[in-house]
Amino acid sequence: MRDLILKFIDELKYEKNYSELTVNGYLTDLDMFLEYLNENDIKSYNSIDYQKIRDYISYLYELDYNNKTICRHISAIRSFFKYLKINDYIDDNPCTLVSNPKLDKRLPKYLNFEEIEKLLNAFDNNNYLGLRNALILELLYSTGIRVSEITNIRLKDISFSNKTIIIDGKGNKQRIVYFGNICLNLLKSYIDKCYPILNKDNSDYLLLSKTGKKINEREIRKVVDEAATIAGIKIKISPHVLRHTFATHMLTEGADLRSVQELLGHENLSTTQVYTHLTNEKIRNVYLNAHPRARK
């Protein structure tokens, strides 16, 4: 039964272009589901019905998992059974009526303008790795791209004259993102000074590791962690926090929601709307501080 899980994982990785983190998460959750099936003597995916899925969800609650974690497990199982049905491995999809538990709404973490400036200036641009790391941070903040997307940028994807990058996003959907003059100057410096040192194997990827290979997501996360430590950022941050920061700052400075949706590569506007809660709070504070009747 695990061979079908591995086929599904390969599709996510190679055909749908899911991030390394997401793929590993799906594999971990599905392996746990398979272990449960084996323990309960369930030998075939075709024998699984709605009630068995509900039993597994109850089992997750017994393990004291929170709603967010259970939603993640359900998402993995739902996607897997959809794959099985599409490819005729099962007759009926038992997940059709399965719903997620309600989640508490949590606003995404983001950095204020002072914090992001400190973060972006954390590295010494006078050495080649410092310059590469500064470029990584600038690209994440300037474009709002995902960590999986930044690792796959190739030189041919960049238009220096238009200051644009073609991004291969989730589900192999392409979009164009934009960058400014600061990022442009960092890109040119990196290609002139760092790229000849790092590019030992004549790679066409933009961001390379010390060994000359395409940089991976784990290395990008280490760069962000190191920058946060140097900058004295108190909250735990990740590359995704820079994506949240990009979206929040764009909306705060007057960008419309649909433009930000396009730049982020969100399929649904509702995914982008979470950031309006953050910008609405700023509008509220402006009103309370500015309107004479509000101050009384």
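Taking segment 32-42 as the region of interest, how many residues are in a helix (DSSP H, G or I), open to solvent by 20 Å² or more (accessible area, probe 1.4 Å) and more than 15 Å from SER75 (Cα to Cα)? Even if it seems obvious, please write down each step before you answer.
Step one: list which residues in segment 32-42 are in a helix (DSSP H, G or I), which gives 32-39.
In the following step, the residues that additionally are open to solvent by 20 Å² or more (accessible area, probe 1.4 Å) were identified as 32, 35-36, 38-39.
Retained after the next criterion (residues that are more than 15 Å from SER75 (Cα to Cα)): 35-36, 38-39.
Residues that pass the stated criteria total 4.
Just one of (1) more than 21 Å from GLU117 (Cβ to Cβ); (2) of a type outside the set (Val, Ile, Thr); (3) modelled with pLDDT of 85 or more trips up PHE246, so point out which.
Against the list (1) more than 21 Å from GLU117 (Cβ to Cβ); (2) of a type outside the set (Val, Ile, Thr); (3) modelled with pLDDT of 85 or more, PHE246 comes up short only on (1).
Within segment 15-31, is even one residue among the basic types (Lys, Arg), buried (at least 16 other Cβ atoms within 10 Å of the Cβ) and within 20 Å of SER148 (Cα to Cα)?
There is no residue in segment 15-31 that is among the basic types (Lys, Arg), buried (at least 16 other Cβ atoms within 10 Å of the Cβ) and within 20 Å of SER148 (Cα to Cα).
For the subset of segment 200-224 comprising residues that are open to solvent by less than 50 Å² (accessible area, probe 1.4 Å) and not β-branched (Val, Ile, Thr), which member is nearest to ALA134 (Cα to Cα)?
The extreme case among them is LEU207.
Among the residues of segment 137-156, is there at least one that is open to solvent by 80 Å² or more (accessible area, probe 1.4 Å), among the hydroxyl-bearing types (Ser, Thr, Tyr) and in a helix (DSSP H, G or I)?
No, every residue in segment 137-156 fails to be open to solvent by 80 Å² or more (accessible area, probe 1.4 Å), among the hydroxyl-bearing types (Ser, Thr, Tyr) and in a helix (DSSP H, G or I).
Just the residues that are of a type in the set (S, T, N, Q), open to solvent by less than 60 Å² (accessible area, probe 1.4 Å) and either under 12 Å from GLU11 (Cβ atoms) or not in a loop (DSSP other than H, G, I, E, B) (or both), please, taken from segment 65-94.
ASN67, THR69, SER75, SER79, listed by residue number.
Only one of these conditions is not met by ILE167: (1) surrounded by fewer than 14 Cβ atoms within 10 Å (Cβ to Cβ); (2) in contact with a strand residue (DSSP E or B) (Cβ under 8 Å, 6 or more places away or on another chain). Which number is it?
(1)
Which pairs turn up if I take residues in segment 81-101 that are within 21 Å of LEU6 (Cα to Cα) and look for partners that are part of a loop (DSSP other than H, G, I, E, B) with beta carbon separation below 6 Å, at least 6 apart in sequence or on another chain?
Listed by first residue and then by second, the contacts come to PHE81/ASN93; PHE81/CYS95; LEU84/ILE90; LYS85/ASN93; PRO94/ILE48; PRO94/ASP49.
The values are calculated or read from the model by the stated rules, or taken from the named source; none is laboratory data. Just so it is clear, the structure is predicted and the values come from calculations on it, not from any experiment. Don't worry about glycine lacking a Cβ; one is built from the backbone with ideal geometry, like all the others, and counts go over all protein chains shown. Each accessible area value is taken on the protein alone, full model and side chains, heavy atoms only, with ligands, DNA and RNA left out. Shrake-Rupley method; radii C 1.70, N 1.55, O 1.52, S 1.80 Å.
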